[in-house]
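The values are calculated or read from the model by the stated rules, or taken from the named source; none is laboratory data. Keep in mind that what you see is a predicted model, and the values were worked out from it rather than measured. As a convention, Cβ positions derive from the backbone with ideal geometry for all residues, glycine included, and neighbour counts pool all protein chains shown.
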Amino acid sequence: MSFVRFLIAFSLIATCTLAATIYVPDDYPTIQGAIDGSANGDTVLVRAGTYVETITFGGKAITVRGIYGPSLTTIDGNQADSVVSFYNGEGPDSVIEGFSITNGKRVGGSGGGIVCYGCTPTISKNHIFGNVADFHGGGIACQGNAAPIIKRNVISANSTLTYDGAGISCQLSSPVIVENKIRGNVAARVGGGIHCYYSEAYLVDNVVAGNSAESGGGVCIEHADPTVTRNTIKENVSTLAGGGIRCDDYASPMIVNNFVLHNESLTGTGGGVFCGNHCTLDFTSNTVVANTAAGGGGGLAVYYYADVNVANSIFWDNVAVDGPELWVGDSTHPATLAISYSDVDGAQNSLHVESGCSSNWGAGMVNVDPDFIEPIYGDYHICWNSPLRDVGDNSAAGLPQTDCDGNPRVALTTTDIGADEYYYALYCVEDPIPGQLLKLKIIGYPNAPAAIALGTGVLDPPVTTKHGDLYLPTPFANFWNYGKIGARGFWYLAYSIHPSHYQGEEFPFQALVGPWGGAWTRLTNLKMLVVE
């Protein structure tokens with residue numbers, strides 16, 4: 001054999017060696033057995049079924065995937081330990097995807113469902129539920145400088161027995177937490193949905209709903225500087241402070257472009273948001289609506305040497321005994337609030353400032369009905385005729401580049417007030433559940449024709465057109481070329497999720513507003529629906 005032929009043969013052998021596909025239970029009866037028998041670059045594909053075991057990746061750069069998704073493929077920890085463990089320096093190429101991860105119990109430790117210590121794995125498209133940890137992270141615990149990518153998971157009904165972060169705990173770590181549904185988790189102390197402690201976590205495009213804790217029912221931030229943007233934080237409950245968000249203990253997060261809706265503080269302050277104990281916060285371009293506190297500050301409570309600067313935000317229809325929208329309290333430990341270019345229901349009559357504390361009611365303040373699209377159905381985007389369009393402050397601290405839907409933050413010459421910038425957009429506020437109907441809403445200028453397409457996949461990178469980026473390959477799976485944007489600036493397509501669709505299945509949509517070739521015609525953002 002010539003030397004060249006030898007190199008070619010060796011290359012083919014090496015390629016095969018580096019890219020094996022292992023099936024469970026075909027090749028190995030257990031998932032851990034398949035992991036142990038794998039090498040870096042391999043893929044472990046797991047067939048439908050329930051696998052009663054706990055697994056650890058052992059530092060391997062492999063993908064472990066449930067072929068048929070979390071509705072048909074379960075890893076049951078049998079309360080023996082963390083269900084999935086990453087302890088050995090795993091990186092982004094160590095992937096766990098497509099499983100129900102349940103019945104984990106971490107006695108005397110953290111991470112009932114998944115624990116990540118000092119590593120950066122990828123955790124995606126799983127349903128992580130019904131797990132318990134004594135200390136931190138009933139669902140997922142990130143510790144020891146861990147920075148995992150946590151994306152498109154449903155994290156629900158997990159709990160902590162003693163401490164914090166029932167859904168996700170970010171302790172001395174900086175995970176990227178993107179596009180997850182974090183719901184119905186219960187923490188013994190703080191952070192029912194997410195807890196950030198000495199963390200620079202990145203929280204974007206998540207729904208944090210129906211979680212509970214003593215404080216910080218949805219999100220709790222202590223000694224931490226996370227980025228919290230484009231999230232919907234709703235229907236969370238705290239016993240004491242911060243039904244939706246609690247910022248405390250020298251925290252200095254960036255909180256922009258969030259919807260904070262229908263949260264409750266049962267006995268304390270800050271139904272929507274609580275800031276205390278030397279917290280420093282720029283709170284920009286948020287929508288805070290219909291939150292309730294038994295004490296002060298249905299929308300926002302500022303307390304104990306905290307210093308909060310609010311700009312371009314909506315506080316509407318919040319309820320509390322003192323300061324239904326805004327409360328600045330504790331005269332013995334004075335706090336400070338500055339607010340400008342914001343819409344406050346009731347204006348200064350809805351602000352309570354205790355003796356010794358201070359507030360600055362700045363320029364650009366309004367007290368007008370925001371004209372939300374469909375608040376009765378939980379949709380707090382603003383309409384075409386909203387008085388909050390083009391009246392914000394372009395120089396506000398922390399003004400983001402994009403809005404809650406990822407569209408340009410300054411659509412014309414001046415930014416809008418609230419989490420939503422009125423601009424061409426495609427979105428949905430309902431959860432995609434098999435057998436149920438949802439509304440895909442298209443935002444655009446009144447009377448413009450609207451079309452919407454369902455793709456067979458997603459183009460990466462997208463195709464650049466004169467009307468923006470096209471994300472869907474042609475031919476489309478389906479196309480609806482009818483409808484006109486209404487007088488209030490939106491139109492919707494009623495779309496039914498067929499009962500046969502499975503959890504984790506993805507449906508990419510994109511819309512076109514205006515006729516092709518028109519001066520004001522635009523392609524909207526890509527909207528990916530992921531079946532619950």
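It is to be established whether one or more residues within the range 28-42 are at negative phi and in a strand (DSSP E or B). For the range 28-42, residues at negative phi and in a strand (DSSP E or B): absent.
If only residues of the range 380-407 that are touching a Phe, Trp or Tyr at 6+ places or on another chain (Cβ under 6 Å) and either assigned to a strand (DSSP E or B) or free of Cβ contacts under 8 Å to residues at least 24 places away in the same chain (or both) are counted, the one that is nearest to residue 253 (Cα to Cα) is 380. Scanning the range 316-374 for residues that are outside any loop (DSSP other than H, G, I, E, B), among the hydrophobic types (A, V, I, L, M, F, W, C) and more than 29 Å from the chain's Cα centre (by Cα) yields 321, 347, 351, 353, 361, 366. Of the residues screened, residue 209 is one that is within 23 Å of residue 258 (Cα to Cα) and without any contact (Cβ under 8 Å) to a residue 60 or more places away in the chain. In the condition set (1) within 17 Å of residue 63 (Cβ to Cβ); (2) modelled with pLDDT of 95 or more, residue 18 is compliant with all but (2). If we scan the range 149-163, do we find a residue that is buried (at least 24 other Cβ atoms within 10 Å of the Cβ), over 26 Å from residue 69 (Cα atoms) and in the same structural domain as residue 107 (by TED's automatic domain parsing)? Yes, the range 149-163 contains at least one residue that is buried (at least 24 other Cβ atoms within 10 Å of the Cβ), over 26 Å from residue 69 (Cα atoms) and in the same structural domain as residue 107 (by TED's automatic domain parsing). Considering the range 426-469, the residues that are of a type in the set (Gly, Ala, Ser) and closer than 18 Å to residue 502 by Cβ include one that is farthest from the chain's Cα centre (by Cα), namely 435. Screening the candidates 115, 154 for the property of being closer than 23 Å to residue 222 by Cβ and either aliphatic (A, V, I, L, M) or within 20 Å of the chain's Cα centre (by Cα) (or both) yields one hit, 115. The single residue among 474, 521 that is β-branched (Val, Ile, Thr) and closer than 22 Å to residue 389 by Cα turns out to be 521. For the range 18-32: of the residues being exposed (fewer than 15 other Cβ atoms within 10 Å of the Cβ) and of a type in the set (Ser, Thr, Tyr), which is nearest to residue 67 (Cα to Cα)? Here the answer is 23. Here is the figure for the range 198-228: residues that are under 17 Å from residue 150 (Cβ atoms), surrounded by fewer than 24 Cβ atoms within 10 Å (Cβ to Cβ) and hydroxyl-bearing (Ser, Thr, Tyr) total 2. Of all residues in the range 188-240, those being within 13 Å of the chain's Cα centre (by Cα) and either among the acidic types (Asp, Glu) or not in a loop (DSSP other than H, G, I, E, B) (or both) number 15.
Going by what's in this entry, would residue 126 be described as more than 24 Å from the chain's Cα centre (by Cα) and touching a residue at least 24 places away in the same chain (Cβ under 8 Å)? Judged against the criteria, residue 126 is not a match. Residue check: is residue 325 among the charged types (D, E, K, R), within 30 Å of residue 441 (Cα to Cα), surrounded by 24 or more Cβ atoms within 10 Å (Cβ to Cβ) and at pLDDT 95 or above? The answer is yes for residue 325. Within the range 106-131, if we keep just the residues that are of a type in the set (A, V, I, L, M) and over 17 Å from residue 74 (Cβ atoms), the residue that is surrounded by the most Cβ atoms within 10 Å (Cβ to Cβ) turns out to be 115.
Figure legend. Inter-residue proximity from the range 412-437: first residues farther than 14 Å from residue 383 by Cβ, second residues of a type in the set (Phe, Trp, Tyr), beta-carbon distance below 8 Å, spacing 6+ or different chains. Indicated pairs: 419/259; 419/380; 426/509; 429/377; 432/507; 434/502; 437/495.
Return yes when residue 377 is within 30 Å of residue 508 (Cβ to Cβ), loosely packed, with under 15 Cβ neighbours inside 10 Å and among the aromatic types (Phe, Trp, Tyr) and no when it is not. Answer is yes for this residue.
Just so you know, in the range 236-277 the residues that are of a type outside the set (Val, Ile, Thr) and farther than 18 Å from residue 190 by Cα include one that is surrounded by the most Cβ atoms within 10 Å (Cβ to Cβ), and it is 258. Residue check: is residue 93 free of Cβ contacts under 8 Å to residues at least 60 places away in the same chain, closer than 14 Å to residue 168 by Cα, assigned by TED's automatic domain parsing to the domain that holds residue 29 and surrounded by fewer than 19 Cβ atoms within 10 Å (Cβ to Cβ)? Criteria not met by residue 93.
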